[in-house]
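Notes for the one structure printed next.
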Amino acid sequence: MHKALIVIDVQNDFCPGGALAVPEGDTIVAGINAAMAGADAVILTQDWHPAGHSSFASSHDGKAPYETVDMPYGTQVLWPDHCVQGSQGAAFHPALKADAADMIIRKGYNPAIDSYSAFFENDRSTPTGLHGYLQTRGITTVQMVGLATDFCVQFSALDAAALGYDVSVALDLCRGIDLEGSLAASLTAMRDAGVTLI
Ligand code: VGL
Ligand code: ZN
(Lines give C-alpha, C1' and ligand atoms only; values in the text may rest on other atoms or scores of the structure.)
(Ligands and ions follow the chains in the order given, each with its own letter.)
Protein backbone atom coordinates (compact mmCIF):
# COMPACT_ATOMS: atom_id res chain seq x y z
CA MET A 1 0.00 0.00 0.00
CA HIS A 2 1.38 3.33 -1.02
CA LYS A 3 -0.23 6.31 0.58
CA ALA A 4 -0.40 9.86 -0.76
CA LEU A 5 -1.21 12.99 1.19
CA ILE A 6 -3.19 15.30 -1.08
CA VAL A 7 -3.13 18.87 0.14
CA ILE A 8 -5.98 20.81 -1.40
CA ASP A 9 -5.68 24.54 -2.17
CA VAL A 10 -3.79 25.86 0.87
CA GLN A 11 -3.41 29.23 -0.82
CA ASN A 12 -3.45 32.80 0.40
CA ASP A 13 -6.84 33.63 -1.11
CA PHE A 14 -8.48 30.85 0.95
CA CYS A 15 -6.89 32.07 4.19
CA PRO A 16 -7.96 35.00 6.40
CA GLY A 17 -7.25 38.24 4.52
CA GLY A 18 -7.64 36.52 1.15
CA ALA A 19 -10.24 37.07 -1.55
CA LEU A 20 -12.28 33.95 -0.68
CA ALA A 21 -11.20 33.49 2.91
CA VAL A 22 -12.20 30.27 4.64
CA PRO A 23 -12.60 30.89 8.39
CA GLU A 24 -9.51 29.58 10.23
CA GLY A 25 -8.05 28.45 6.91
CA ASP A 26 -4.54 29.27 8.11
CA THR A 27 -4.81 27.28 11.34
CA ILE A 28 -4.35 23.92 9.58
CA VAL A 29 -0.99 24.67 7.97
CA ALA A 30 1.30 23.47 10.79
CA GLY A 31 -0.62 20.20 11.12
CA ILE A 32 -0.47 19.61 7.36
CA ASN A 33 3.29 20.16 7.37
CA ALA A 34 3.61 17.56 10.12
CA ALA A 35 1.42 15.07 8.22
CA MET A 36 3.68 15.25 5.16
CA ALA A 37 6.36 13.21 6.93
CA GLY A 38 4.19 10.09 7.09
CA ALA A 39 3.21 9.95 3.41
CA ASP A 40 4.87 8.06 0.54
CA ALA A 41 3.96 10.92 -1.77
CA VAL A 42 2.92 14.51 -1.13
CA ILE A 43 0.76 16.21 -3.74
CA LEU A 44 -0.37 19.82 -3.55
CA THR A 45 -3.21 21.25 -5.57
CA GLN A 46 -3.34 24.88 -6.57
CA ASP A 47 -6.51 26.62 -7.72
CA TRP A 48 -5.24 28.50 -10.78
CA HIS A 49 -7.73 30.65 -12.66
CA PRO A 50 -7.13 32.96 -15.61
CA ALA A 51 -8.40 36.52 -15.08
CA GLY A 52 -12.07 36.75 -16.04
CA HIS A 53 -12.71 33.08 -15.21
CA SER A 54 -16.31 31.91 -15.66
CA SER A 55 -16.58 30.99 -11.96
CA PHE A 56 -16.09 34.63 -10.97
CA ALA A 57 -19.28 36.62 -10.26
CA SER A 58 -17.56 39.60 -11.87
CA SER A 59 -17.68 37.75 -15.21
CA HIS A 60 -21.51 37.66 -15.18
CA ASP A 61 -23.57 40.83 -15.57
CA GLY A 62 -25.84 41.48 -12.59
CA LYS A 63 -24.51 38.57 -10.54
CA ALA A 64 -23.08 38.77 -7.04
CA PRO A 65 -20.70 36.34 -5.32
CA TYR A 66 -22.38 33.23 -3.91
CA GLU A 67 -25.26 33.41 -6.39
CA THR A 68 -25.42 30.59 -8.94
CA VAL A 69 -25.57 30.32 -12.73
CA ASP A 70 -26.47 27.47 -15.02
CA MET A 71 -23.44 26.36 -16.99
CA PRO A 72 -23.49 23.75 -19.77
CA TYR A 73 -22.10 21.31 -17.17
CA GLY A 74 -24.61 22.15 -14.42
CA THR A 75 -25.15 24.67 -11.65
CA GLN A 76 -22.11 26.70 -10.71
CA VAL A 77 -21.68 28.82 -7.58
CA LEU A 78 -20.17 32.21 -8.43
CA TRP A 79 -17.20 33.30 -6.36
CA PRO A 80 -15.33 36.52 -5.73
CA ASP A 81 -12.30 36.79 -8.05
CA HIS A 82 -9.70 34.50 -6.47
CA CYS A 83 -6.52 32.55 -7.18
CA VAL A 84 -5.73 34.40 -10.38
CA GLN A 85 -2.71 32.80 -12.06
CA GLY A 86 0.53 34.30 -10.81
CA SER A 87 -1.06 36.51 -8.15
CA GLN A 88 -0.09 36.60 -4.48
CA GLY A 89 -3.53 35.25 -3.68
CA ALA A 90 -2.84 32.17 -5.77
CA ALA A 91 0.47 31.50 -4.00
CA PHE A 92 0.62 28.82 -1.33
CA HIS A 93 0.33 30.00 2.26
CA PRO A 94 3.88 31.10 3.14
CA ALA A 95 4.15 28.63 6.04
CA LEU A 96 3.12 25.61 3.94
CA LYS A 97 6.09 23.31 3.32
CA ALA A 98 5.55 23.40 -0.44
CA ASP A 99 9.17 22.33 -0.97
CA ALA A 100 8.22 18.89 0.36
CA ALA A 101 5.77 18.29 -2.50
CA ASP A 102 6.52 15.59 -5.10
CA MET A 103 3.91 17.02 -7.42
CA ILE A 104 1.87 20.20 -7.75
CA ILE A 105 -1.32 19.93 -9.73
CA ARG A 106 -3.00 23.09 -10.96
CA LYS A 107 -6.69 23.21 -11.75
CA GLY A 108 -9.33 25.69 -12.86
CA TYR A 109 -7.20 27.01 -15.72
CA ASN A 110 -9.87 26.28 -18.34
CA PRO A 111 -11.69 29.65 -18.71
CA ALA A 112 -15.10 28.03 -19.29
CA ILE A 113 -15.09 25.27 -16.63
CA ASP A 114 -14.47 25.41 -12.91
CA SER A 115 -12.52 22.59 -11.27
CA TYR A 116 -13.16 21.83 -7.62
CA SER A 117 -11.81 18.30 -7.74
CA ALA A 118 -8.14 17.41 -8.01
CA PHE A 119 -9.17 14.66 -10.47
CA PHE A 120 -11.80 16.09 -12.84
CA GLU A 121 -13.07 19.49 -13.91
CA ASN A 122 -16.64 20.39 -12.93
CA ASP A 123 -17.94 18.83 -16.15
CA ARG A 124 -17.08 15.61 -14.25
CA SER A 125 -15.25 14.23 -17.29
CA THR A 126 -12.16 16.31 -18.19
CA PRO A 127 -9.27 14.76 -16.25
CA THR A 128 -6.55 16.80 -14.55
CA GLY A 129 -4.02 13.98 -14.92
CA LEU A 130 -3.74 13.24 -11.20
CA HIS A 131 -5.25 9.75 -11.51
CA GLY A 132 -2.60 8.75 -14.04
CA TYR A 133 0.13 10.15 -11.84
CA LEU A 134 -1.05 8.25 -8.78
CA GLN A 135 -1.48 5.03 -10.76
CA THR A 136 1.99 5.16 -12.21
CA ARG A 137 3.38 5.74 -8.71
CA GLY A 138 1.51 2.72 -7.38
CA ILE A 139 -0.57 4.72 -4.94
CA THR A 140 -3.78 3.08 -3.75
CA THR A 141 -4.53 5.04 -0.57
CA VAL A 142 -5.06 8.79 -0.37
CA GLN A 143 -5.62 11.14 2.52
CA MET A 144 -7.14 14.54 1.80
CA VAL A 145 -6.50 17.69 3.81
CA GLY A 146 -6.90 21.39 3.03
CA LEU A 147 -9.49 23.91 1.83
CA ALA A 148 -12.36 23.98 1.54
CA THR A 149 -13.95 20.91 3.16
CA ASP A 150 -17.31 21.36 1.45
CA PHE A 151 -16.02 22.24 -2.03
CA CYS A 152 -12.62 21.19 -3.30
CA VAL A 153 -11.88 18.65 -0.56
CA GLN A 154 -15.30 17.03 -0.89
CA PHE A 155 -15.20 16.85 -4.70
CA SER A 156 -11.69 15.43 -4.62
CA ALA A 157 -12.57 12.82 -2.01
CA LEU A 158 -15.72 11.71 -3.86
CA ASP A 159 -13.83 11.37 -7.14
CA ALA A 160 -11.02 9.45 -5.46
CA ALA A 161 -13.54 7.03 -3.95
CA ALA A 162 -15.28 6.60 -7.33
CA LEU A 163 -11.89 5.88 -8.92
CA GLY A 164 -11.33 3.07 -6.43
CA TYR A 165 -8.85 4.61 -4.01
CA ASP A 166 -9.00 3.96 -0.30
CA VAL A 167 -9.85 7.51 0.82
CA SER A 168 -9.75 9.33 4.13
CA VAL A 169 -10.28 12.98 4.99
CA ALA A 170 -8.56 14.37 8.09
CA LEU A 171 -11.21 16.86 9.18
CA ASP A 172 -8.99 18.58 11.74
CA LEU A 173 -6.68 19.50 8.84
CA CYS A 174 -9.54 20.94 6.75
CA ARG A 175 -11.78 23.99 7.07
CA GLY A 176 -15.06 24.71 5.27
CA ILE A 177 -16.89 27.61 3.64
CA ASP A 178 -20.41 26.43 4.66
CA LEU A 179 -22.87 28.00 2.21
CA GLU A 180 -26.44 27.12 3.22
CA GLY A 181 -25.59 23.90 5.02
CA SER A 182 -22.99 22.76 2.51
CA LEU A 183 -20.57 21.65 5.23
CA ALA A 184 -22.96 19.16 6.86
CA ALA A 185 -24.13 17.97 3.44
CA SER A 186 -20.56 17.34 2.36
CA LEU A 187 -19.84 15.19 5.40
CA THR A 188 -22.92 13.07 4.70
CA ALA A 189 -22.03 12.72 1.02
CA MET A 190 -18.46 11.68 1.78
CA ARG A 191 -19.54 9.17 4.43
CA ASP A 192 -22.15 7.71 2.06
CA ALA A 193 -19.46 7.27 -0.60
CA GLY A 194 -17.31 5.22 1.74
CA VAL A 195 -14.82 7.96 2.57
CA THR A 196 -13.34 7.58 6.07
CA LEU A 197 -13.70 10.82 8.02
CA ILE A 198 -11.02 11.18 10.66
C1 VGL B 1 -12.57 26.39 -3.92
C2 VGL B 1 -14.35 27.71 -4.42
C3 VGL B 1 -13.75 28.14 -5.58
C4 VGL B 1 -11.94 25.43 -2.98
C5 VGL B 1 -11.94 26.79 -5.09
O6 VGL B 1 -10.69 25.31 -2.98
O7 VGL B 1 -12.68 24.78 -2.20
N8 VGL B 1 -13.77 26.84 -3.61
N9 VGL B 1 -12.55 27.66 -5.91
ZN1 ZN C 1 -11.57 28.54 -7.59
Checklist entry - Relative to the longest principal Cα axis of the chain, at what angle does helix 182-192 sit, 0 to 90 degrees, rounded to 10? => result 40
Checklist entry - If you place +1 on the Cβ of every Lys and Arg, -1 on the Cβ of every Asp and Glu, and leave all else neutral, what size is the dipole of the stretch 52-198 about its Cα centre, to the nearest 20 Debye? => result 380
Next on the checklist: Cut-off under 23 Å on the C-alpha distance; same-chain residues fewer than 8 positions from LYS107 excluded. Which lysines are left, in chain and number order?
Outcome noted: LYS3, LYS97
Checklist entry - Residue farthest toward the positive end of the dipole of the chain, with Cβ of Lys/Arg at +1 and Asp/Glu at -1: which of HIS2, TYR73, ALA90? => result HIS2
Checklist entry - Using a probe of 1.4 angstrom, how much of the accessible area of the chain is carbon and sulfur, in percent? => result 53
Checklist outcome for this item: Ranked by GNM mean-square fluctuation in the chain (Cα springs under 10 Å), the top entry among HIS93, HIS60, HIS49 is HIS60
Next on the checklist: Two decimals, Cα atoms only, Kirkwood Rh: what is Rg/Rh over the chain?
Outcome noted: 0.94
Checklist entry - What does the accessible area per residue of the chain come to in Å², with a 1.4 Å probe and no ligands, DNA or RNA counted? => result 42
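The values are calculated or read from the model by the stated rules, or taken from the named source; none is laboratory data. Just so it is clear, the model here is predicted, and its values are computed rather than measured. Virtual Cβ from ideal backbone geometry, glycine too; neighbours counted across all protein chains shown. Keep in mind that these areas ignore ligands, DNA and RNA; they rest on the heavy atoms of the full protein, side chains included. Shrake-Rupley method; radii C 1.70, N 1.55, O 1.52, S 1.80 Å.
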